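**Q** This structure is in structure tokens; I'll ask about it shortly.
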């Protein structure tokens, strides 16, 4: 079955095979958070993006191969509900953006803009976007011979940027999105958000002036 990225709470994962990585997406918790397990296809190393909730579901998704790393995209509690349990069960290191780390239940390593995180022999680039939270991070994977892929947490969704608390935060997030994401990555870049459906940079790009005008 072709990958669509559509998942429902209590349903099975959506699985996508990339060059170098397998992506498994599942919806967890009362707020239908997306969690993603990335598996290096050459050595089986695994990384989890957002241990949001439903630790049992996430551990089943991780399976017997174990987990090397958990990355938390930002500090909001609906993205960290299962973090302690997952780290305790797997021994994985816990990674978050430096400016959010103090507000996340368990962090062993911090990252900043331009840092990289390994998944076996695959590399994820950290992009720091300020606005949804001070330390929100996005992860970029450039598929060898293929397209770019982004895990955007709650900084970017189909239909607009993630929520912000005031005009200053909105302006910051939009500035970072336009400079670091839309100004840098091609239209076929696929992105995987913290809730709901996936999209592409090209599908969202025409709406940027509308987002700016509405202010959210």
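**Q** Of the numbered conditions (1) on the phi > 0 side of the Ramachandran plot; (2) out of contact with any strand residue (DSSP E or B) (no Cβ under 7 Å at 6 or more places or on another chain), residue 172 satisfies every one except a single condition; which is it?
**A** Among (1) on the phi > 0 side of the Ramachandran plot; (2) out of contact with any strand residue (DSSP E or B) (no Cβ under 7 Å at 6 or more places or on another chain), residue 172 violates only (1).
**Q** A further question on this structure: Does residue 29 qualify as being surrounded by fewer than 22 Cβ atoms within 10 Å (Cβ to Cβ), touching a helix residue (DSSP H, G or I) at 6+ places or on another chain (Cβ under 7 Å) and farther than 18 Å from residue 152 by Cα? Steps first, answer last, please.
**A** Details: surrounded by fewer than 22 Cβ atoms within 10 Å (Cβ to Cβ): yes; touching a helix residue (DSSP H, G or I) at 6+ places or on another chain (Cβ under 7 Å): yes; farther than 18 Å from residue 152 by Cα: yes.
For residue 29, the condition - surrounded by fewer than 22 Cβ atoms within 10 Å (Cβ to Cβ), touching a helix residue (DSSP H, G or I) at 6+ places or on another chain (Cβ under 7 Å) and farther than 18 Å from residue 152 by Cα - is met.
**Q** Taking only the stretch 63-80 into account, find how many residues are within 17 Å of residue 34 (Cβ to Cβ) and surrounded by fewer than 22 Cβ atoms within 10 Å (Cβ to Cβ).
**A** The qualifying residues number 2.
**Q** I need a count of the residues in the stretch 81-95 that are more than 12 Å from residue 48 (Cα to Cα) and buried (at least 19 other Cβ atoms within 10 Å of the Cβ).
**A** Residues meeting the conditions: 1.
**Q** Pick out, from the stretch 156-216, the helices (runs of 4 or more DSSP H) lying fully within it that include 1 or more residues that are touching a helix residue (DSSP H, G or I) at 6+ places or on another chain (Cβ under 8 Å), free of Cβ contacts under 8 Å to residues at least 40 places away in the same chain and more than 18 Å from residue 6 (Cα to Cα). Before you say what the answer is, go through the steps one by one.
**A** Details: elements: 167-176, 201-204, 208-214.
Those helices (runs of 4 or more DSSP H) span 208-214.
**Q** Follow-up. For the stretch 129-142, give me each residue that is under 19 Å from residue 47 (Cβ atoms), surrounded by fewer than 24 Cβ atoms within 10 Å (Cβ to Cβ) and over 12 Å from the mean Cα position of the chain (by Cα).
**A** 142
**Q** Moving on. Just one of (1) buried (at least 18 other Cβ atoms within 10 Å of the Cβ); (2) free of Cβ contacts under 8 Å to residues at least 24 places away in the same chain trips up residue 56, so point out which.
**A** (1)
Since every read-out is calculated from the coordinates, none of them should be taken as a lab result. Predicted model only: the values in this text are computed from it and were never measured. So basically every Cβ, Gly included, is an ideal-geometry build from the backbone, and we count neighbours across all protein chains shown.
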